[in-house]
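*Asks:* What follows is a structure written as structure tokens; I'll ask about it next.
The values are calculated or read from the model by the stated rules, or taken from the named source; none is laboratory data. Keep in mind that what you see is a predicted model, and the values were worked out from it rather than measured. Because the Cβ atoms are built from the backbone with ideal geometry, glycine has one as well, and the counts that use them run over all protein chains shown.
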Amino acid sequence: MTLKKGLATDHILEVRDISLSFKGVKAISSLSFSVRRGEICALIGPNGAGKSSLLNVLNGVYRPDSGEVVFDGSSFHRIRPLDAARRGIGRTFQNNALFQQMSVIDNIIAGLSRHSHTMFIEQALGLPRARREAMAFTEHAESILEFLELQPQRDMPVGTLAYGLQKRVELGRALISAPALLLLDEPMAGMNAEEKQEMSRFISDVNRDLGTTVVLIEHDIGVVMGLSSHVVVLDYGRKVGDGTPAEVQANPEVIEAYLGAAH
């Protein structure tokens, strides 16, 4: 990881000329855009446009061929996922990565595993520092349960929950580490209209009440236009639109590449 400290700006995230390829096939081509602190930015575009690949660059899963990312004033060409999490970048994935047999609260507490300061032997022996940390983690998880209205499901195995509730648990697991930037990879995929409306409300609450900047991938244009203040449109790895929802909707290149096809 190479980090360079810069001056703080009102942009929490800057993507600067990022390119990424797999075996010579371009997934992202010279992509640049900025995300202001405290906004909800949606990434839209057809399947294969490079959206998930971009999120994987931002949280360190992929290393770009060129370009750099500036997060909270520090620039990097590559950051490891553990370092990204510790610096304040949270992430959910297209497919639930939950522990199906574990309870809801234990799944949420698992989001703090990278932030533990106690050793396994301390936890195994129940030493005082480990007990204090476990109590603090549980208390924090309880507040997340309350925020996401998951108290009734607290002790239920995640695998027994409806799909929409499982996605909410995954959101809670990402939130428990209090990220400054939350990356949501299709948080409403597979949901019905009612579940989408509910998840949109929680994402809006996360942004407004917790002050978390959100970058999300979403295919439902109605959801995007109602939830986001900033939209970036990708098509075959290149940016074809960047602006407010109204500006993007009126962009002929966006209509041709994505919106027109959607309608």
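*Asks:* Report, by residue number, each residue of the stretch 26-64 that is over 25 Å from ARG86 (Cα atoms) and aliphatic (A, V, I, L, M).
*Replies:* ALA27, ILE28, LEU31, ILE44, ALA49
*Asks:* If a residue has to be at pLDDT 85 or above and not in a helix (DSSP H, G or I) to count, how many in the stretch 105-149 make the cut?
*Replies:* 2
*Asks:* Further question: I want to confirm something. Restricting to the stretch 12-44 and keeping residues that are touching a Pro at 6+ places or on another chain (Cβ under 8 Å) and β-branched (Val, Ile, Thr), which single residue is nearest to GLY222 (Cα to Cα)?
*Replies:* Step by step, filter the stretch 12-44, then rank; the result is ILE28.
*Asks:* Let me ask something additional. Restricting to the stretch 45-78, count the residues that are touching a residue at least 12 places away in the same chain (Cβ under 8 Å) and within 22 Å of ALA180 (Cα to Cα).
*Replies:* Number satisfying all stated conditions: 23.
*Asks:* Output the number of the condition that MET188 fails; it satisfies all remaining conditions of (1) over 23 Å from LEU54 (Cα atoms); (2) outside any helix (DSSP H, G or I).
*Replies:* All conditions pass for MET188, except number (1).
*Asks:* Mind listing just one residue for me: the one in the stretch 165-204 that is closer than 19 Å to CYS41 by Cα and in contact with a Pro (Cβ under 8 Å, 6 or more places away or on another chain) and, of those, surrounded by the fewest Cβ atoms within 10 Å (Cβ to Cβ)?
*Replies:* Only one residue fits best here, namely MET199.
For every residue, the table says whether it meets (1) surrounded by fewer than 19 Cβ atoms within 10 Å (Cβ to Cβ); (2) touching a residue at least 40 places away in the same chain (Cβ under 8 Å); (3) assigned to a strand (DSSP E or B).
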| position | (1), (2), (3) |
| --- | --- |
| GLU14 | yes, yes, yes |
| ASP17 | yes, yes, yes |
| ILE28 | no, yes, yes |
| SER34 | yes, no, yes |
| LEU82 | yes, no, no |
| ARG86 | yes, no, no |
| GLY90 | no, yes, yes |
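*Asks:* Do we find that GLY190 is among the small types (Gly, Ala, Ser) and at pLDDT 90 or above in this structure?
*Replies:* No, not satisfied.
*Asks:* Could you please let me know if LEU184 is within 26 Å of PHE71 (Cα to Cα) and at pLDDT 90 or above?
*Replies:* The answer is yes for LEU184.
*Asks:* So which strands (runs of 3 or more DSSP E) are wholly in the stretch 205-253 and hold at least 2 residues that are buried (at least 22 other Cβ atoms within 10 Å of the Cβ)?
*Replies:* Per the criteria, 213-217, 230-235.
*Asks:* Consider LEU82 carefully, then state whether it is touching a helix residue (DSSP H, G or I) at 6+ places or on another chain (Cβ under 7 Å) and within 19 Å of LEU181 (Cα to Cα).
*Replies:* yes
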